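The values are calculated or read from the model by the stated rules, or taken from the named source; none is laboratory data. The structure displayed is predicted, hence computed values, not measured ones. With ideal geometry, Cβ positions are generated from the backbone for all residues, glycine too; neighbour counts draw on all protein chains shown.
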Amino acid sequence: MKINWTTVGKRSLLPFAILLAFLPLLDPMNVFSDLRLRSFDTFQQLYPREKMQDDPVVLIDIDDESLSRYGQWPWPRNLVAELVDRTYYSLATGFDIVFAEPDRTGSNQLKRTYQASPSMVEALELVPDHDEIFRNAIESHGTVVLGLAPNNNGYKEFDQIKSGLVVQGDDPKQFLNQYIGVENNIEILEEVSSGLGSMSIGNNDAVVRTIPTFELVGDQLVPSFPLEVLRVAVGASTYQIKSSNASSEQAFGEATGINHVKLGDLVMPTNPDGSLWIYSTKTANMNIIPAWQLLDGLIEPEFFDGKITVVGTSASGLFDLRSSALEKNIPGVTIVAQFIQQIVSGTFLQRPDWLGGLELISGLLLSIIITLAIQRFGPVGGLLIFSVGIGSIFLGSYSLFIDQGFLVDPISPTVICLVAYLVITFFNFLFTELERSKVRTAFSQYLAPAMVDKLAKSSESLVLGGETKEMSMLFSDIRGFTGISEQYKDDPEGLTQLINKLLSVLSDEILLTEGTIDKYMGDCIMAFWNAPTDQPEHARLAVQAAMAMGRAMQKLNEELAAEGKKTMAVGIGINTGDCVVGNMGSTQRFDYTVLGDTVNLASRLEGQSGEYGFQIIAGADTVKSLSGYEVFELDLLAVKGKTEPVTIYTVFEGAESDIDDAQAFRAAHQEFLKAYRGQDWDAAMQHINTYQKDVPSFSQYYELFAARIKSLQANPPGPEWTGVFVALSK
């Protein structure tokens, strides 16, 4: 069975589009992840988080101006203690700073420096140590939270966590970012602090989009710094972490990650790794107080009553600049403050597990519809479906972002559908071209190559209608084919093979002379020249094709004779004149064909070729400008169905003619026709007796005329007779 690979290829496009829809799951080179995150940034840029009314979060910024006024960082701890004292009324004060080393300006450190001078050491004994001052301030405040800096430089024993923890479901340790060590604060500070939290921002790139709620340091679960500040502010003592397979959480036995973190009455929907999406707002919408204003006493302590205070830095030399979805190079502490704002206001961005499946199904369905549209309506139809589908996805994603805070990825379905559209369109075009090539090859067996190319390039010619132009027509038929068919009455397949071989041989010669095969009618071929493209020498090309067909038949007969089969003879009629050529038929089906009296006459001339004994019978307009061939007039003939007589001719190639002196014979032959038409029967018969044996190619022709003359002698025509013979058969 022959496989149609073009059809197979087109049918394979749909499964291919389905496979493309799963490409985001593979996420080559993190392309889809990056595009997805950028789309989420765009949503926030279009619809940023609004300024919080009665914002409880205050940011104390150790900015460049503060450093200019109070000296470079690190400041003496007694100065930092003033910040603590001035925020005494705040619900919690968090330092987004690690105080990892003792204050080098404190009295305890100076004692070591001047231990060789007893008097200096004695004097320093009377001076309170800066770390002690800072410790006392923290203890007096009662709600100070210090930051920790997890790292992978080495494990450091850490057991100062201030909060309790309840875990429901799968162990959260397997889902969290893990570190082997931590840089913490000096012990005297940590022991009096109310909370300790990790200042890490997790696995974010240049843009901070999420902040962890917990991280794993060694085997210890450590809450994030902003979460710890919030815990102290609300007076909670214990966190609750709910992971997959906890009560009311459907995970079907799979460890899919952390689902929620609960702190008092605050419930935070998390990502599987325990992080929260940051819903950004402009820093201009935040309560930011430069540290120098607080130290200068420009802000009353009562201002912080009921507030949550975070101390951090925006100073350029301290390298704590980050980027959010809205802004670049902003202080990292502002992102910490925004994290707290979100939780307090209950404004969360979420990306539930089922959204990934929804995106996959959307891309899959749209890819399938686009593929079917391309195959049914072409690239334009596919593009329309693509545009409407992708527009709906973007609109739906943005609506869900605004209404529900859901982060729905519109990019993955868009990229997949775009790739599907381009690839399917390309392959559909490729398969169409292969199909066209196949059709072109098939049509070229019976249609002029010029017409095939014209149809392949444009469908404009595939409309009903025609044009009038001068053309040359050729009809060929096998003489006595009915008798030949009888030999194959028990072998119809053999007869079919013989016809196909015969028609192939003759058709090749027509096509080699740039002819158009109009149709096959049994063993008969109808062909024409000078359409669909102009061929000024169309008559010569038609005669050239007829001569080549004669030679091809001779070669075929030699093969048939060698096989012991009956040989065949072909009769050819050629006529030239005005015809109507174009698409003829109905709007449902039509053929590119030729109509007109010229066509009918060519068919009648082919039918008379056997009567006259010549392979080729041609009309007067065909031979009038013919050169390079031997042309002989044959008769004045009124073919069946017509009353007007036409002059008919036969044509020979000089090299293949059996006439020794063509010019002399032509002159003698014209005298014969003159005598015949003038009823000079004796002169006509004398010519026949002279040339019938000497010119075998005219033998049957002269035998025909000898019989006519005997009949005319027996029944003499009237004086008005002009020599016209009326054919009684086609």
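State yes or no: is G577 assigned by TED's automatic domain parsing to the domain that holds E470, assigned to a strand (DSSP E or B) and more than 20 Å from P532 (Cα to Cα)?
So G577 fails the test.
Out of contact with any Asp or Glu (no Cβ under 9 Å at 6 or more places or on another chain) and not in a loop (DSSP other than H, G, I, E, B): does that describe N583?
Against the criterion (out of contact with any Asp or Glu (no Cβ under 9 Å at 6 or more places or on another chain) and not in a loop (DSSP other than H, G, I, E, B)), N583 does not qualify.
Inside region 300-315, can you point out the residues that are farther than 27 Å from L196 by Cβ and part of a loop (DSSP other than H, G, I, E, B)?
E300 - this is the single residue of region 300-315 that is farther than 27 Å from L196 by Cβ and part of a loop (DSSP other than H, G, I, E, B).
Need at least 2 residues that are loosely packed, with under 13 Cβ neighbours inside 10 Å and not assigned by TED's automatic domain parsing to the domain that holds S472 per element, so show me which strands (runs of 3 or more DSSP E) inside region 624-730 make the cut, counting only ones lying wholly within it.
Passing ranges: none, list empty.
Hey, among D508, D523, which residue is closer than 20 Å to T567 by Cα, surrounded by 12 or more Cβ atoms within 10 Å (Cβ to Cβ), at pLDDT 90 or above and not hydrophobic (A, V, I, L, M, F, W, C)?
D508
Against the conditions (1) part of a helix (DSSP H, G or I); (2) touching a residue at least 24 places away in the same chain (Cβ under 8 Å); (3) not polar (S, T, N, Q), where does F528 fall short? Just the number, please.
So F528 meets the others, but not (1).
May I ask you to list the residues in region 316-361 that are among the basic types (K, R) and crowded, with 16+ Cβ neighbours inside 10 Å?
The answer is R322, R351.
What is the number of the single condition among (1) in contact with a Cys (Cβ under 6 Å, 6 or more places away or on another chain); (2) among the polar types (S, T, N, Q); (3) assigned to a loop (DSSP other than H, G, I, E, B) that T567 does not meet?
Every condition holds for T567 apart from (1).
Considering every residue within region 119-132, establish whether at least one is surrounded by 20 or more Cβ atoms within 10 Å (Cβ to Cβ), closer than 24 Å to S194 by Cα and at pLDDT 95 or above.
no
State which residue pairs qualify: first residue more than 13 Å from V311 (Cα to Cα) and inside region 78-106, second residue basic (K, R) and assigned to a helix (DSSP H, G or I) in any location, beta carbons under 7 Å apart, and separation of 6 or more residues or different chains.
Between residues of region 78-106 that are more than 13 Å from V311 (Cα to Cα) and residues that are basic (K, R) and assigned to a helix (DSSP H, G or I), the close pairs are D103/R77; G106/R77.
Is it true that some residue in region 285-293 is touching a strand residue (DSSP E or B) at 6+ places or on another chain (Cβ under 8 Å), within 22 Å of F40 (Cβ to Cβ), touching a residue at least 24 places away in the same chain (Cβ under 8 Å) and surrounded by 15 or more Cβ atoms within 10 Å (Cβ to Cβ)?
yes
Tell me which of these S243 doesn't satisfy, since it passes every other one: (1) within 50 Å of the chain's Cα centre (by Cα); (2) modelled with pLDDT of 90 or more; (3) assigned by TED's automatic domain parsing to the domain that holds F339.
The single condition S243 does not satisfy is (3).
In region 535-546, which residue that is touching a strand residue (DSSP E or B) at 6+ places or on another chain (Cβ under 8 Å) and not polar (S, T, N, Q) is nearest to S625 (Cα to Cα)?
Applying the first criterion (touching a strand residue (DSSP E or B) at 6+ places or on another chain (Cβ under 8 Å)) to region 535-546 yields 535, 538-539, 541-543, 545-546.
Adding the requirement that they be not polar (S, T, N, Q) leaves 538-539, 541-543, 545-546.
Numbers: H538: 11, A539: 8, L541: 12, A542: 13, V543: 12, A545: 17, A546: 17 Å.
The selected residue is A539.
Give all pairs with beta carbons closer than 8 Å in which a residue from region 364-385 that is free of Cβ contacts under 8 Å to residues at least 12 places away in the same chain meets a residue that is buried (at least 21 other Cβ atoms within 10 Å of the Cβ) and among the β-branched types (V, I, T); count only pairs at least 6 apart in sequence or on separate chains.
Hits for this filter: G381/I374.
Tally the residues that are farther than 20 Å from A531 by Cα and aromatic (F, W, Y), restricting the search to region 580-617.
2
Considering only residues that are without any contact (Cβ under 8 Å) to a residue 60 or more places away in the chain and surrounded by fewer than 18 Cβ atoms within 10 Å (Cβ to Cβ), which ones fall in region 601-623?
Answer for region 601-623, where residues must be without any contact (Cβ under 8 Å) to a residue 60 or more places away in the chain and surrounded by fewer than 18 Cβ atoms within 10 Å (Cβ to Cβ): just A620.
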